[in-house]
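Worksheet: the structure to be examined is printed underneath.
The values are calculated or read from the model by the stated rules, or taken from the named source; none is laboratory data. These figures come from a predicted structure and were not determined experimentally. As a convention, Cβ positions derive from the backbone with ideal geometry for all residues, glycine included, and neighbour counts pool all protein chains shown. Heavy atoms of the whole protein, side chains included, go into the accessibility calculation; ligands, DNA and RNA do not. Shrake-Rupley method; radii C 1.70, N 1.55, O 1.52, S 1.80 Å.
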Amino acid sequence: MALRRALSAAGGRWAQGLCSAARRDTVFAVSSGHGKCGVAVIRASGPGCREALQSLTGRPEPPAPRVLALRRIRDPATAEPLDRGLVAWFPGPHSFTGEDCCELHVHGGPAVVSGVLRALGRLPGLRPAEPGEFARRAFHNGKLDLTAVEGLGDLIQAETEAQRRQALRQMEGELGRLYQRWSETLTQALAHLEAYIDFSEDDNVEEEVLSRGEGGRGPGRASGVCPPHHHHPSPIVPPLSPPFPPPPAVAAAVRALEREVGAHLRDGRRGELLRGGVRVVIAGPPNVGKSSLLNLLAQRPAAIVSPVAGTTRDVVELSLNVGGYPVVLSDTAGLRAAADPVEQEGVSRARERLQQADLVLAVLDAGAVPAEPGALGEALGAVVPPAAPQPRVLVLNKVDLVRGGAGALRDACARAGLPPAAPLSCKTGEGLAGLVELLRRQLERLCGDPLAGSPSLTQTRHGQHLRACRAALARYGRAAGADLALAAEELRLARRHLGRITGHVGAEDVLDIIFRDFCVGK
């Protein structure tokens, strides 16, 4: 039965936790990066931290918790002074990893850092930390879920303001709390459904309990004390032959969750784009200034510029920060029917990049295109087909050579209903500020505000598990009309996929709700 399966799984997880705790040792590493610096932070975590701190400082007691103290640091093996720095003591569980931790803030010279690391390595029970081991211990001790660990990694790698905001929000647990709330909804629904399956014919389960909604907050919620059945005997649920209908509140909660997960998935990959960078491709005919535009945006000669058409043969790619948003900018070969096999390969790669682009900068020669809506639309369609799904910005380069300036071209673009247009001169820099602002607005539309609304999913694996969760929720509705045991299995599968995102997968949560909300085995 479901209750016995959950008990068995919970016991196995409890035993595994005891074994892993028994094998835990103390690890240490430099936590402030490598290379010469003013101050280097060396962190240690594990049961041997207190003794290690005592050995290195020669003091019988560590400093007050979470208070920096100035200490002379020496090698316990030789008593040789290594440095004079600040030490901090973080007794568990009130630490980053949840274990006893200590930090040594020493001068950042290589000799000082290596001397302190050697001294720590000589102490019994201490070893160098493996990559990511501090965060792994924080996860195992319940200080961070997997989404928060990923947010911490993204925060360390963040290069733009928008990336920092999104990573900090995720590291502080907003995304994890959203998924955990969904998981709790599923846990509640699954607990009620399994109790209904296992005990619907038992006179110990009240009918109102079985029909109670999510969270058990309806009238008559069980509070750990069963109602006095001898005063008000509850109606006995008559024997039912499978299939019999599931509790309506469970079906309603599952439908609502399926809609919420679907809306979360339909976010236009905002979080992923912000995390990995928006792929912006510069495309256009040969010799219209694509490489000059790349150099102008990069503020350095990243690509070769030549008056000879077809100079760019391969894709030139670089990363930029545009208005706080990360951009992976690609310059491509000129789009034309080429005879040279090398240029043909370059054109093929350019078209492939166009298919992968999140945003296209379509560059045209302002002096070569008539200021007429039809001609502009035809020229743009030769670069990016009108049916292509990518948003695009029309860059009208070489406006310094156009008599009368860019006013007529801008008016023609507006009359033709073309994408946003930016007149530009890569030679003089005229129009660059307008192009950057237009590009920033497009990036903001693609990535959104990382501080507004519900947090976005940021990893491909999040999307994979959420799509699998939604599919299981959809199958629940079909299975519930035929076999409640199969329907319950779909809820377990959906919950398991949510748990794999955060790292919280367990059967004991179902038991907690069963024992809290139902008077089983009075």
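Could you please find all residues in region 343-368 being more than 21 Å from G289 (Cβ to Cβ) and either in contact with a strand residue (DSSP E or B) (Cβ under 7 Å, 6 or more places away or on another chain) or in contact (Cβ under 8 Å) with a residue 40 or more places away in the chain (or both)? Steps first, please.
Of region 343-368, the ones more than 21 Å from G289 (Cβ to Cβ) are 344-345, 348, 352, 355-356, 358.
The answer is Q356, D358.
Here's the yes/no breakdown for (1) at pLDDT 90 or above; (2) closer than 24 Å to L446 by Cβ; (3) open to solvent by 30 Å² or more (accessible area, probe 1.4 Å):
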{"site": "P243", "(1), (2), (3)": "no, no, yes"}
{"site": "A251", "(1), (2), (3)": "no, no, no"}
{"site": "L257", "(1), (2), (3)": "yes, no, no"}
{"site": "V261", "(1), (2), (3)": "yes, yes, no"}
{"site": "H264", "(1), (2), (3)": "yes, yes, no"}
{"site": "L273", "(1), (2), (3)": "yes, yes, no"}
{"site": "V280", "(1), (2), (3)": "yes, yes, no"}
{"site": "A283", "(1), (2), (3)": "yes, yes, no"}
{"site": "S292", "(1), (2), (3)": "yes, no, yes"}
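Go through region 199-211 and report how many residues are in a helix (DSSP H, G or I) and either surrounded by fewer than 18 Cβ atoms within 10 Å (Cβ to Cβ) or at pLDDT 95 or above (or both). Here the count works out to 2. Residues in region 301-314: is at least one of a type outside the set (D, E), in contact (Cβ under 8 Å) with a residue 12 or more places away in the chain and either part of a strand (DSSP E or B) or within 16 Å of T160 (Cα to Cα) (or both)? No, region 301-314 contains no residue that is of a type outside the set (D, E), in contact (Cβ under 8 Å) with a residue 12 or more places away in the chain and either part of a strand (DSSP E or B) or within 16 Å of T160 (Cα to Cα) (or both). In region 99-110, of all residues being closer than 18 Å to A129 by Cβ and in contact with a Cys (Cβ under 8 Å, 6 or more places away or on another chain), the one that is most open to solvent (accessible area, probe 1.4 Å) corresponds to D100.
Taking the criterion of being closer than 20 Å to R336 by Cα and open to solvent by 30 Å² or more (accessible area, probe 1.4 Å), the residues of region 294-315 that qualify are I304, V305, S306, P307, V308, A309, T311, R313, D314, V315. Here N287 fulfils each of the conditions (1) modelled with pLDDT under 90; (2) assigned to a strand (DSSP E or B); (3) not hydroxyl-bearing (S, T, Y) apart from (2).
With A371, A388, A375 as the choices, which residue is open to solvent by less than 30 Å² (accessible area, probe 1.4 Å), assigned to a loop (DSSP other than H, G, I, E, B) and without any contact (Cβ under 8 Å) to a residue 60 or more places away in the chain?
Details: A371 fails: open to solvent by less than 30 Å² (accessible area, probe 1.4 Å); A375 fails: assigned to a loop (DSSP other than H, G, I, E, B).
Residue meeting the stated conditions: A388.
Determine whether region 140-147 contains at least one residue that is basic (K, R), over 13 Å from the mean Cα position of the chain (by Cα) and at pLDDT 90 or above. Walk me through it before giving the result.
Going through region 140-147, the residues basic (K, R) turn out to be 143.
Restricting the remaining residues to those that are over 13 Å from the mean Cα position of the chain (by Cα) gives 143.
Checking the rest, the ones that are also at pLDDT 90 or above come to 143.
Looking for residues that are basic (K, R), over 13 Å from the mean Cα position of the chain (by Cα) and at pLDDT 90 or above, one finds at least one in region 140-147, hence yes.
For first residues located in region 153-179 and in a helix (DSSP H, G or I), partners that are surrounded by fewer than 18 Cβ atoms within 10 Å (Cβ to Cβ) and of a type in the set (G, A, S) and lie 6+ apart or on another chain with Cβ distances below 6 Å form the pairs E161/G324; A162/G324. The sole residue among R475, R461, R440 that is in contact with a Gly (Cβ under 6 Å, 6 or more places away or on another chain), in a helix (DSSP H, G or I), open to solvent by 30 Å² or more (accessible area, probe 1.4 Å) and basic (K, R) is R440.
Screening the candidates A408, A468 for the property of being under 28 Å from Q355 (Cβ atoms) and without any contact (Cβ under 8 Å) to a residue 40 or more places away in the chain yields one hit, A468. Every condition in (1) in contact with a helix residue (DSSP H, G or I) (Cβ under 6 Å, 6 or more places away or on another chain); (2) touching a residue at least 40 places away in the same chain (Cβ under 8 Å) is met by G38 except one, and the failing one is (1).
Answer yes if at least one residue in region 165-176 is touching a strand residue (DSSP E or B) at 6+ places or on another chain (Cβ under 8 Å) and modelled with pLDDT of 85 or more, and no otherwise.
Restricting attention to region 165-176, the residues satisfying the condition of being touching a strand residue (DSSP E or B) at 6+ places or on another chain (Cβ under 8 Å) are none.
For region 165-176, residues touching a strand residue (DSSP E or B) at 6+ places or on another chain (Cβ under 8 Å) and modelled with pLDDT of 85 or more: absent.
For region 463-494, the set of residues classified as over 28 Å from the mean Cα position of the chain (by Cα) and among the hydrophobic types (A, V, I, L, M, F, W, C) consists of A479, A480, A482, L484, A485, L486, A487, A488, listed by residue number.
For every residue, the table says whether it meets (1) open to solvent by 50 Å² or more (accessible area, probe 1.4 Å); (2) in contact with a Lys or Arg (Cβ under 9 Å, 6 or more places away or on another chain); (3) within 30 Å of S454 (Cα to Cα).
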| site | (1), (2), (3) |
| --- | --- |
| P76 | no, yes, no |
| T97 | no, yes, yes |
| V112 | no, no, no |
| A119 | no, yes, no |
| R127 | yes, no, no |
| N141 | yes, no, yes |
| E161 | yes, no, yes |
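The single condition among (1) over 39 Å from the mean Cα position of the chain (by Cα); (2) open to solvent by less than 70 Å² (accessible area, probe 1.4 Å) that V347 does not satisfy is (1).
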